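The values are calculated or read from the model by the stated rules, or taken from the named source; none is laboratory data. Please read all numbers here as calculations on a predicted model, not as lab measurements. Glycine gets a Cβ as well: all are built from the backbone with ideal geometry, and neighbour counts include every protein chain shown.
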Amino acid sequence: MESAKKTPLYERHAAQGAVFGETGGFFLPKSYGDPEGEAKAARESVGVIDISSRGKLMLSGADHIKFLQGVLTNDVKEKIPGTGVYATILTPKGKMVSDMRVFKNEGSVYMDAEPGTGGNLAEFLRKLRLSYKAEVLDVTEDCCVFHVCGPGCGELIEKRLGVNVKQMKEYDHRACGEATLMKLNRTGETGFDVLFENRGAKKIWELLLENPPVPGLCGQEALETLRIEAGIPVYGKDMDISTIPIEAGIWDALDFEKGCYVGQEVIARIKWRGRVNWHLAYFEAQQDGSALPGNTLWVKEKKVGRITSSTYSPTLGKNISIGYIRREFRDFQGEISVGGEDLADKTPNTVKTTGKPFYSRFE
């Protein structure tokens, strides 16, 4: 943690009682003392979460769209400025290098990736550029981001930032003063990222959270609970370099009409003629048990899956998990045992699949 950086809003968070932890190379609030209460606030009214450690890239240049069309799994070329897509970058074997949200501007593209990945992703893209006239800048340390979510988030943004968000669709984005507003689903609630340069950080804080004060500050622990409740997989936990996007069920990151990109042949072959052995699944703990990331799932003496993320859900009042299950057990309705890699390490804990995410109210 000694090498982690402080954001321009570190002192503001500290004054609100933040308990800090390292996230993607930055000190960010883990909580403000009550992570369960913070998650409930986001579900019931408004949650405001500092996610400034997310990877942030800007791409521009005469060929930047043409370059991205050959790299990303989704279609950026056909998007108009002010809109965007979810996408991934793959290896030639169809395995995920990264996922990202891509926002198209006039003459540039903004790319949002997982915390701590900005530098490596920028370098990876630069190596792929070859002769394309495309500039790739890592602006992770130059900007801050808040995620504002919950049933009252639209009203808060309209009042505080002066932007009418009623007609905005997912990945729509627009300028609002010194910030950029982007509609995103990170928690299962309607939500918006507010992106702004470091020099404007204190002004945005005051606009959003003061005069009069707004309750609802949430830390990273509440964010993790909210996104698991919403069944949203994240790269680095639920997806990695061994994952094929179809296994993770992220069909919205794939376009099957745009033409060639790295790994496209593998993805097309699976869609039209094949299948995958593993599927992302959602699990509820039975009784008072729990399943932890890294746990193996068993049906009798057969390994059938693994857990990648878990949390206690204050919304549901039970322990829940995200993980993967073998294709042939995808619709299995019986109890699944939780344990280690060896049969002898099975625990008394059991889970059942739910068949769908636990919670979603995003509009």
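The table that follows gives values for the structure above.
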quantity: Any hit, the stretch 103-113, residues being of a type in the set (S, T, Y), touching a Phe, Trp or Tyr at 6+ places or on another chain (Cβ under 9 Å) and over 18 Å from G259 (Cα atoms); calculated: yes
quantity: Some residue of the stretch 65-73 being assigned to a strand (DSSP E or B) and in contact with a Ser or Thr (Cβ under 6 Å, 6 or more places away or on another chain); calculated: no
quantity: Lone qualifier among K30, K66 - being within 16 Å of L223 (Cβ to Cβ) and of a type in the set (K, R); calculated: K30
quantity: Some residue of the stretch 325-340 being closer than 27 Å to G191 by Cα, without any contact (Cβ under 8 Å) to a residue 24 or more places away in the chain and not assigned by TED's automatic domain parsing to the domain that holds G154; calculated: no
quantity: The stretch 119-166, residues that are modelled with pLDDT of 95 or more and part of a loop (DSSP other than H, G, I, E, B); calculated: Y132, K133, A134, V139, G150, P151, G152, V165
quantity: Single residue of the stretch 1-55 satisfying the filter (part of a strand (DSSP E or B) and of a type in the set (V, I, T)) that is surrounded by the most Cβ atoms within 10 Å (Cβ to Cβ); calculated: I49
quantity: Test result for Y171, closer than 26 Å to L254 by Cα, assigned to a strand (DSSP E or B) and of a type in the set (F, W, Y); calculated: no
quantity: Matching residues, the stretch 75-97, being of a type in the set (S, T, N, Q) and surrounded by fewer than 22 Cβ atoms within 10 Å (Cβ to Cβ); calculated: T83, T91
quantity: Count - residues of the stretch 247-276 that are assigned to a loop (DSSP other than H, G, I, E, B) and either aromatic (F, W, Y) or over 20 Å from Q333 (Cβ atoms) (or both); calculated: 16
quantity: Inter-residue pairs, beta-carbon under 8 Å, first among the basic types (K, R) and in the stretch 163-175, second surrounded by 10 or more Cβ atoms within 10 Å (Cβ to Cβ), 6+ apart; calculated: K166/G154; K169/T83; K169/K183; R174/G82; R174/V163; R174/M168; R174/T180; R174/L181
